[in-house]
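Laboratory data are not the source of any read-out in this text; all were calculated from the coordinates shown. All of these numbers come straight from a predicted model, not from anything done at the bench. When we count neighbours, we look across all protein chains shown, and the Cβ atoms used for this are built from the backbone with ideal geometry, even at glycine.
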Amino acid sequence: MSTQDDAPDSPAESHLSQQNCHVALTHGPLNLQTITDLIRSPQAGAIVIFAGTTRDTFDAKPVSHLSYSAYHPLALRTMLAIAADLARAHGLQGIAMVHRLGAVPVGEESIVIAVSAAHRQAAWRAGEAALEACKARVEVWKREEFAAGGGVWRANRDGVAGEREA
């Protein structure tokens, strides 16, 4: 991935890279192998991958798909700042965070986070911290679409529809 900062008009893919940190937004399916290859290193004794997938129900309501939107330039900069902070804090060999936008069908990934580190503890901790920071800070919005029709906007984390979370 080369360093790139695309306009906010929803390009097919936009990404930023800096040293051992790679972040991207894309409308296409996520490829775990391609993302993992970005952070692979001979100095890494551990690679941790998190793949967040669309599940088929929420609060006993059948879900047809999730739909994500983002303000690309700001979301990418926020993701890159999170990645760089975690790389420094945990001594990572590499970190990649890729978020899918648009419609994400049941069973497909909406986010993949891959982390490599010399030792497993740093990789585990950084992977979880990356997901939590993305959900809390990145300018991506999620709409849950129901099989029976209609949908609801949610915070980009588990929560109650329409309620602000602390």
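What longest range of the chain stays clear of loop-exposed GluC sites (Glu not before Pro) (DSSP non-H/G/I/E/B, at most 13 other C-beta within 10 angstrom)?
Working: sites that count: Glu163, Glu165.
With GluC sites (Glu not before Pro) excluded where exposed in loops, the chain gives 1-162 as its longest stretch.
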Legend entry - Virtual spin-label span in nm between Asp37 and Arg120, 7 Å along Cα→Cβ: 2.7 nm
Inset, instruction - Determine the relative contact order of the chain: mean sequence separation of Cα pairs under 8 Å and six or more apart, normalised by residue count, in whole percent. - result: 27 percent
